[in-house]
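S.K.: Have a look at this one before I ask anything.
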Ligand SMILES: C[S@@+](CC[C@H](N)C(=O)[O-])C[C@H]1O[C@@H](n2cnc3c(N)ncnc32)[C@H](O)[C@@H]1O
């Protein structure tokens with residue numbers, strides 16, 4: 001299958017090598033990723049996927065948090081995956097990094113205990129969000145958990161205004177459902193239950209929300 005079209009991590013491919021540096025200085029990246037791991041409820045021997053793993057920062061944090069877990073990361077951008085591979089090799093961590101087509105997750109049905117995903121869904125238009133959420137539902141086991149960190153609709157007008165910076169960069173189409181606060185609804189529509197916004201982070205680019213859901 002041909003690869004899906006995608007928006008690179010920092011919008012332009014030539015900026016990708018600067019991704020970790022840029023995120024580190026502009027966002028409370030580690031706080032968001034730590035909260036995501038905390039709310040994901042990953043247990044010792046879980047099989048965990050980091051969806052849209054990018055340069056692998058969260059993937060590595062998950063493996064360090066739960067060393068006995070079987071941890072994989074998927075992305076469709078080979079450039080970021082190569083950066084993730086260099087980081088995991090440097091740390092000597094046993095993590096599976098997979099280049100996939102951006103549509104069909106390379107896992108069998110009912111296979112994973114946890115899926116985590118950070119700052120990926122605002123890169124996907126609504127149809128793609130629905131497609132990927134359906135895939136998440138398919139590959140998670142019964143009682144499996146989904147934990148997403150991404151931009152959502154804030155009660156603060158300033159945060160809503162700031163999100164327009166990201167909307168201008170990444171496009172108004174892919175960010176539309178985020179801006180309207182529709183991500184929790186899309187997660188429910190994919191079949192998940194107990195969908196809840198657990199935490200909100202105010203950032204220079206708008207509000208990032210931690211959303212959890214379960215496949216019952
Ligand atoms: C802003 S970056 C976030 C990377 C990483 N999760 C993090 O928190 O640092 C968005 C990532 O989503 C990836 N992406 C875009 N479309 C995707 C898709 N259909 N499936 C998986 N990853 C995708 C991009 O390649 C990019 O690495």
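Rule-based calculations on the coordinates, nothing more; no lab input. Because the structure is predicted, anything quoted here is derived from the model rather than measured. FYI the Cβ positions are ideal-geometry reconstructions off the backbone, even for glycines, and counts take in every protein chain you see.
S.K.: Can you sort 94, 77, 20, 99 by how many other beta carbons sit within 10 Å, fewest first?
M.R.: 94, 99, 20, 77
S.K.: Also, quick follow-up: With a 10 Å Cβ neighbour count serving as the proxy for reagent exposure, in which order, fewest first, do 146, 81 appear?
M.R.: On the way: 146 25, 81 21.
Least to most surrounded, the residues fall as 81, 146.
S.K.: Ok, one more. For the chain, set up a GNM with springs between Cα atoms under 10 Å and report which of 40, 108, 179 has the largest fluctuation.
M.R.: Most flexible of the set in this elastic network: 108.
S.K.: For the chain, what is the Kirkwood hydrodynamic radius in Å, using each pair of distinct C-alpha atoms?
M.R.: This gives a value of 17.1 Å.
S.K.: So what is the 222 nm mean residue ellipticity for the chain from helices alone, if each DSSP H run of at least 4 adds -39500 (n - 2.57) and you divide by all residues, rounding to the nearest 500 deg cm²/dmol?
M.R.: Roughly -11000 deg cm²/dmol at 222 nm, from the helical runs in the chain.
S.K.: Mind giving me the nanometre distance, one decimal, between the label points for residue 111 and residue 45, set 7 Å out from Cα along Cα→Cβ?
M.R.: 2.0
S.K.: Further, regarding this structure: Could you work out which residue, out of 128, 31, 87, moves most in a Gaussian network model of the chain, that is, has the largest mean-square fluctuation with Cα springs under 10 Å?
M.R.: Among 128, 31, 87, the largest GNM mean-square fluctuation belongs to 31.
S.K.: Give the separation of the Cα centroids, the range 8-87 to the range 96-119, in Å.
M.R.: Rounded to whole Å, the Cα centres lie 13 Å apart.
S.K.: Fully extended, how many nm does the chain gain between residue 68 and residue 34 (0.36 nm per residue separation, minus their Cα-Cα distance)? All intermediate terms of the calculation are to be shown ahead of the outcome.
M.R.: Values: separation 34, 0.36 × 34 = 12.24 nm, distance 1.80 nm.
Here the answer is 10.4 nm.
S.K.: Could you put 13, 129 in order, starting from the residue whose Cβ has the fewest other Cβ atoms within 10 Å?
M.R.: 13, 129
S.K.: Determine the gain in length on full extension of the stretch residue 199-residue 161; use 0.36 nm per residue of separation and subtract their C-alpha separation, reporting nm with one decimal. Write down the numbers at each step before the final one.
M.R.: Numbers: separation 38, 0.36 × 38 = 13.68 nm, distance 1.97 nm.
Stretched out fully, the residue 199 to residue 161 stretch lengthens by 11.7 nm.
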